[in-house]
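The values are calculated or read from the model by the stated rules, or taken from the named source; none is laboratory data. Predicted, not measured: the structure shown is a model, and the values here were computed from it. Every residue, glycine among them, receives a Cβ derived from its backbone with ideal geometry; neighbour counts consider all protein chains shown. With ligands, DNA and RNA removed, areas are computed over all heavy atoms of the protein, side chains included. Shrake-Rupley method; radii C 1.70, N 1.55, O 1.52, S 1.80 Å.
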Amino acid sequence: MPPKGRFTRLDAFQKTVEDATLRTTSGGIVTIVSLLVMLWLVWGEWSDWTKIIVRPELIVDKGRGERMEIHMNISFPRIPCELLTLDVMDVSGDIQTGVVHGINKVRLSPEAEGSKVLEVKALDLHADDAIHMDPEYCGECYGAPSPEGATKPGCCNTCDEVREAYASVSWSFGRGEGVEQCQREHYAEHLDSQRAEGCRIEGGIRVNKVVGNFHFAPGKSFSNGNMHVHDLENYFKDEGGHSFTHTIHSLRFGPQMPDHMIKRLGGIGGAWTNHHLNPLDGTEQKTLEKAYNYMYFVKVVSTAYLPLGWERKKSTSSNDEPSWSTLGDNTGSIETHQYSVTKHERSVQGGTDAHEGHGERLHARGGIPGVFFSYDISPMKVINREVRAKTFSGFLVGLCSVIGGTLTVAAAVDRAVYEGAQKVKKLHTG
């Protein structure tokens with residue numbers, strides 16, 4: 001047998017001659033319907049192949065020696081900026097007192113006047129500084145050592161430098177009575193004029209990625225042995241009706257997730273918004289008590305978002321400390337953080353929660369009034385990876401299945417319709 005004949009015997013697709021075929025109206029209708037169904041199913045396969053989904057993964061966070069951003073926008077309508085201090089500390093021993101770098105203090109008008117913005121900058125009460133004084137002038141530090149950052153070594157030429165000097169030896173400063181520099185700069189008068197104002201803290205800080213806390217408390221802070229202390233004299237003596245009523249407009253750890261990525265994350269567990277990433281956004285707490293303490297216990301989870309093809313778009317920059325304006329704003333991976341939070345509040349004077357129906361709950365006396373955020377770092381990391389819902393080979397397999405299955409079912413339907421029509425015709429003629 002010639003080679004061609006061998007292949008002829010293996011032909012599974014036997015042909016019929018034109019004279020042996022029969023075209024019917026029902027067959028034409030079935031063909032049109034099957035083509036429409038086929039096109040619809042092929043479109044569905046194409047949509048599945050082009051669809052991008054986000055697949056979450058959970059791994060152990062192996063990062064070491066990293067830094068973490070904390071971005072905040074928090075209003076305190078009943079505390080002037082001069083009395084408000086932001087401090088940061090962590091278990092590694094790093095302490096940042098009176099943080100100002102990267103932070104704006106926004107002076108707000110009294111709460112009764114709508115807390116409107118008065119000034120957007122780090123508050124400077126000491127407009128009459130030592131710049132215009134005699135170059136030979138050396139102000140007294142009143143028994144305290146001159147601060148390290150003094151304008152003139154060994155001297156205290158401004159009221160602020162006297163305050164720094166007092167803080168270095170853990171002395172209470174008060175309103176600066178009897179201090180020449182503060183009287184010259186009208187420190188007490190400025191405090192009185194801003195007594196009813198509020199303050200908004202906005203900006204960002206960069207901290208070590210270890211367990212730590214940052215807090216807002218009244219008065220200048222200093223260390224006394226192993227204790228972190230605030231000068232509370234002006235806060236409690238002032239008759240301005242101060243309290244730590246506050247509104248957290250936004251608080252996030254790491255860069256903001258872009259809106260289009262948040263939209264895609266919605267496919268993981270239902271409606272997903274930035275509030276799921278930053279649950280404290282929009283939080284408002286009110287109190288009339290001066291000696292009141294709010295504590296937020298935050299559990300931070302590292303989160304990475306890997307867009308489709310992020311390996312090719314990965315930045316080649318070798319800068320370990322990218323600027324905040326560009327961090328996370330690239331076409332490569334985005335490293336940020338999610339967090340969960342629990343809240344606790346109590347009076348510094350101690351007492352029970354009888355007013356809330358929990359008389360058995362007793363609070364200890366002591367502490368500092370303020371708003372404290374204690375954060376802990378989770379050892380796990382969430383990776384949200386963009387992938388295609390179906391591979392290209394899966395798309396081809398689905399395409400073949402759609403075409404073959406539709407044609408097979410259509411042929412069976414056409415055959416059944418034809419056979420049924422023939423039997424009905426025989427019954428009428430016979």
Discussion item. Considering only residues that are free of Cβ contacts under 8 Å to residues at least 40 places away in the same chain, open to solvent by less than 50 Å² (accessible area, probe 1.4 Å) and not in a loop (DSSP other than H, G, I, E, B), which ones fall in segment 140-165?
Written reply: Cys159, Glu161, Val162, Ala165
Worksheet entry | Those strands (runs of 3 or more DSSP E) lying entirely in segment 44-123 with at least 3 residues at pLDDT 85 or above | 52-60, 67-76, 84-90, 103-108
Worksheet item: So which residues in segment 166-190 are farther than 15 Å from Glu82 by Cα and outside any helix (DSSP H, G or I)?
Response: Val169, Ser170, Trp171, Ser172, Glu177, Gly178, Val179
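Only residues that are charged (D, E, K, R) and touching a helix residue (DSSP H, G or I) at 6+ places or on another chain (Cβ under 9 Å): list them for segment 196-220, please.
Filtering segment 196-220 for residues charged (D, E, K, R) gives 197, 200, 202, 206, 209, 220.
Scanning segment 196-220 gives Glu197, Arg200, Lys220.
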Item to complete: Could you check, for segment 17-36, whether at least one of its residues is touching a Lys or Arg at 6+ places or on another chain (Cβ under 9 Å) and modelled with pLDDT of 85 or more?
Response: no
Worksheet entry | Criterion (assigned to a helix (DSSP H, G or I), open to solvent by less than 60 Å² (accessible area, probe 1.4 Å) and either free of Cβ contacts under 8 Å to residues at least 60 places away in the same chain or closer than 30 Å to Asn213 by Cα (or both)) met by exactly one of Gly405, Gly367, Gly394, Gly398 | Gly405
